[in-house]
Amino acid sequence: MTAGSIFFSKFVVTKQVFYKTKYSYALVNLKPLFPGHVLVVPLRTECLSLSDLTPEENKDYFATLQVVHQFISDEFHADSVNVAIQDGPEAGQTVPHLHTHIIPRHKVNNIGDKVYDKLDAWTFEEQLAKWNERRSDYASADTSIIKRELIVPDVQREPRSMDEMSAEAHALSQKLNLFLEQNPKLKEYY
């Protein structure tokens, strides 16, 4: 680890970072729910909760969210975007470091807020029943039902390799720089 290492709690994530400001950064997700699912995180690892941000960090953090939100929306042609903070373990926060999920969403294959219910309520028996129902639906060629049920719970999502995340972060960084050049009005945020 070098002095320039960036941490997400105790994890070194330097190669996953595609955008960095004075107090915040954005990184690609280890287990994204959908393509373009990224995180915005304060650089200071002692920020466990939103209330731990200093006023200066708060301003920078929300400015970073604005920039990354607009970039991800554009880059992934999102119809809508989930912006979610799980502030504390009871709220579903699994890493003890403040972070905000930015998840591009689309009209096609959209399941709305059910994405969170599906992650929380996953059971093997239910999934087996749904699998059998989907197989039956597929056989009857009603693919619209199948597309709505394709979310995979966290325990079944495989972590991506560091090479894969690093390559994605590098590509997003280049695209973000171009996006910022093409959208000079965003300079007020950074």
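What do you reckon, is residue 87 in contact with a Leu (Cβ under 6 Å, 6 or more places away or on another chain) and at pLDDT below 95?
Working: in contact with a Leu (Cβ under 6 Å, 6 or more places away or on another chain): yes; at pLDDT below 95: yes.
The answer is yes for residue 87.
Mind telling me which of the residues 45, 64 ends up being assigned by TED's automatic domain parsing to the domain that holds residue 184 and either assigned to a loop (DSSP other than H, G, I, E, B) or within 10 Å of the chain's Cα centre (by Cα) (or both)?
None of the other options fit; the residue is 45.
Among the residues in segment 106-114, are any out of contact with any helix residue (DSSP H, G or I) (no Cβ under 8 Å at 6 or more places or on another chain) and at pLDDT 75 or above?
The answer is yes; a qualifying residue exists.
Within segment 75-89, does at least one residue satisfy the condition of being more than 15 Å from the chain's Cα centre (by Cα), surrounded by fewer than 16 Cβ atoms within 10 Å (Cβ to Cβ), assigned by TED's automatic domain parsing to the domain that holds residue 182 and not in a loop (DSSP other than H, G, I, E, B)?
Yes, that holds for at least one residue.
Quick test for you: out of 41, 17, 12, pick the one residue that is surrounded by fewer than 15 Cβ atoms within 10 Å (Cβ to Cβ) and aliphatic (A, V, I, L, M).
12
The values are calculated or read from the model by the stated rules, or taken from the named source; none is laboratory data. Since the structure is predicted, the reported quantities are computational estimates derived from the model, not experimental observations. Quick reminder, even Gly has a Cβ in these numbers, built from the backbone with ideal geometry, and neighbours come from all protein chains shown.
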